[in-house]
Amino acid sequence: MSDRDHSIRITPTIVVDETDIEEAFVRAPGPGGQNVNKVATAVQLRFALERSRALPDDVRARLRHLAGRRVTGDGWLVIVAHRYRTQARNREDARARLLDLIRRAAQPPKPRRPTRPTRASHERRLKGKRARGQIKRARSLREDA
């Protein structure tokens, strides 16, 4: 087997090595009939986020942010798939979700262009502030008789 057999191409520049992915099959919650307590159909996919050399640092940081609580303290991204009743479909689902997360993290965010408020909105804001100030001044000038 060549090295290409053990890698997953995500983008033209990002290729994840299969050795960075671990899968464990566990019992799934929910419906499943008589099989639910016997067959481990759910997949727990673990991706070595901090250890993987395939990800550039900026992509790794965005992926960590996107994954949120799914990243463990020791740097593993954990995806649990139990949507389907078969191991194979849950395995495909978990891998597809991982690839989607990495693809989304690989896209750099659009730079924010600062905008300025229009003159009319600025004047409306100031007019509202003046009106509010007059209301408050009128309260303090009122004589209690």
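The values are calculated or read from the model by the stated rules, or taken from the named source; none is laboratory data. Please read all numbers here as calculations on a predicted model, not as lab measurements. Cβ atoms come from the backbone with ideal geometry, glycine included; neighbour counts cover every protein chain shown.
Let me spell it out: the conditions are (1) within 16 Å of Gln107 (Cβ to Cβ); (2) at pLDDT 80 or above; (3) surrounded by 11 or more Cβ atoms within 10 Å (Cβ to Cβ), and Thr11 meets all of them except one. Which number is the exception?
(2)
Taking Arg51 as meeting all but one of (1) touching a strand residue (DSSP E or B) at 6+ places or on another chain (Cβ under 8 Å); (2) at pLDDT below 80; (3) of a type in the set (D, E, K, R), write down the number of the exception.
(1)
Criterion first (hydroxyl-bearing (Ser, Thr, Tyr) and crowded, with 18+ Cβ neighbours inside 10 Å) does Ser52 satisfy it? Steps first, please.
Details: hydroxyl-bearing (Ser, Thr, Tyr): yes; crowded, with 18+ Cβ neighbours inside 10 Å: yes.
It is true that Ser52 is hydroxyl-bearing (Ser, Thr, Tyr) and crowded, with 18+ Cβ neighbours inside 10 Å.
Kindly provide the set of residues from the range 105-119 that are more than 30 Å from Leu63 (Cα to Cα) and surrounded by 10 or more Cβ atoms within 10 Å (Cβ to Cβ), ordered by number. Lay out the reasoning, then the answer.
Narrowing the range 105-119 to residues more than 30 Å from Leu63 (Cα to Cα): 116-119.
Correct list: Pro117 only.
Please work out which one of (1) surrounded by 10 or more Cβ atoms within 10 Å (Cβ to Cβ); (2) within 30 Å of Glu23 (Cα to Cα) is the condition His122 fails and give its number.
His122 satisfies every listed condition except (2).
Residues being touching an Asp or Glu at 6+ places or on another chain (Cβ under 9 Å), of a type in the set (A, V, I, L, M, F, W, C) and touching a residue at least 40 places away in the same chain (Cβ under 8 Å): count how many of those fall in the range 77-104.
The total comes to 1.
Within the range 70-93, does at least one residue satisfy the condition of being closer than 21 Å to Ala54 by Cβ, under 12 Å from the mean Cα position of the chain (by Cα) and of a type in the set (Asp, Glu)?
No: zero hits.
Restricting to the range 85-131, name every residue that is closer than 17 Å to Ile14 by Cα and of a type outside the set (A, V, I, L, M).
Residues of the range 85-131 closer than 17 Å to Ile14 by Cα: 95-108.
Scanning the range 85-131 gives Arg95, Arg97, Asp100, Arg103, Arg104, Gln107, Pro108.
The conditions are (1) farther than 19 Å from Arg46 by Cβ; (2) surrounded by 10 or more Cβ atoms within 10 Å (Cβ to Cβ); (3) acidic (Asp, Glu), and Asp57 fails exactly one of them. Which is it?
Condition not satisfied by Asp57: (2).
How many of the residues in the range 46-75 are farther than 18 Å from Ser7 by Cα and outside any helix (DSSP H, G or I)?
Matching residues across the range 46-75 total 5.
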